[in-house]
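**Q** Just dropping this structure here.
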Amino acid sequence: MIKSTSRKGHCACGEVEYEITNDPMIVHACHCTDCQRLTGSAFVINMWIEAKNVNLLTGKLIAKTLAGGDGSDHDVFFCSNCGTYVWSQYHRAPGENLFIRAGTLEAPHEIKPDVHIFVRSKVPWLELPADAVSFEAYYDKKDVWPAESLERFERNMPV
């Protein structure tokens, strides 16, 4: 659940500002090598949310299509001024969904991952919490997502 203070976010220079109007359907901590490379960190925290629940308030995002670790494409969106990676859109994920980088929120410390994915490539010095839900690669949504999130996902599917 996102608290009201973290419903807005921005890039490093502040030119791009956005707001989200609903909680994410799920929050991933992705440990794949692509996310490590793109962020320059050990993992990324992605908030999976319907695009209709995200409003770009100011600035311009530039999109670049990249191949992911499984070979499928995804578009990364970054600030045209400072280059901060704000969100992505995975071609493999059906529907109009965005994966917002939680680190771009005004209060990123309020976000906790629901699930850790691709832990097979997790950096060895990082120890996950004992109660963390984690998968070597990916998972089946119906086994992990809350019922309300599954319903939202289904409503967002193309007809």
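**Q** Does segment 134-159 hold any residues that are surrounded by 14 or more Cβ atoms within 10 Å (Cβ to Cβ) and in a loop (DSSP other than H, G, I, E, B), and which are they?
**A** Phe135, Tyr138, Tyr139, Trp145, Asn156
**Q** Then there's this: Report, by residue number, each residue of segment 60-95 that is in contact with a Ser or Thr (Cβ under 9 Å, 6 or more places away or on another chain) and of a type in the set (S, T, N, Q).
**A** Within segment 60-95, just Thr84 meets the criteria.
**Q** Of Ala29, Ala63, which residue is under 30 Å from Pro124 (Cβ atoms) and out of contact with any Leu (no Cβ under 7 Å at 6 or more places or on another chain)?
**A** Answer to the check: Ala29.
**Q** Is it the case that some residue within segment 12-33 is touching a His at 6+ places or on another chain (Cβ under 7 Å), more than 25 Å from Glu154 (Cβ to Cβ), aliphatic (A, V, I, L, M) and exposed (fewer than 14 other Cβ atoms within 10 Å of the Cβ)?
**A** no
**Q** Additional query: Restricting to segment 45-60, what's the tally of residues that are in a strand (DSSP E or B) and surrounded by 18 or more Cβ atoms within 10 Å (Cβ to Cβ)?
**A** So the answer is 7.
**Q** Could I ask something else about it? Considering only segment 110-125, state which residues are part of a loop (DSSP other than H, G, I, E, B), buried (at least 16 other Cβ atoms within 10 Å of the Cβ) and out of contact with any Asp or Glu (no Cβ under 9 Å at 6 or more places or on another chain).
**A** If the condition is that a residue be part of a loop (DSSP other than H, G, I, E, B), buried (at least 16 other Cβ atoms within 10 Å of the Cβ) and out of contact with any Asp or Glu (no Cβ under 9 Å at 6 or more places or on another chain), then Ile111, Pro113, Asp114, Lys122 are the ones that fit.
**Q** Further question: Tell me which residues, restricted to segment 93-109, are among the charged types (D, E, K, R) and either free of Cβ contacts under 8 Å to residues at least 24 places away in the same chain or assigned to a strand (DSSP E or B) (or both). Break it down stepwise before answering.
**A** Within segment 93-109, the subset among the charged types (D, E, K, R) is 96, 101, 106.
Correct list: Arg101 only.
Just so you know, all these numbers are worked out from the coordinates, no wet-lab data involved. On a predicted model such as this, the values are computed, not experimentally measured, just so you know. Cβ coordinates were reconstructed from backbone atoms using ideal geometry, including for glycine residues, and neighbour counts include every protein chain displayed.
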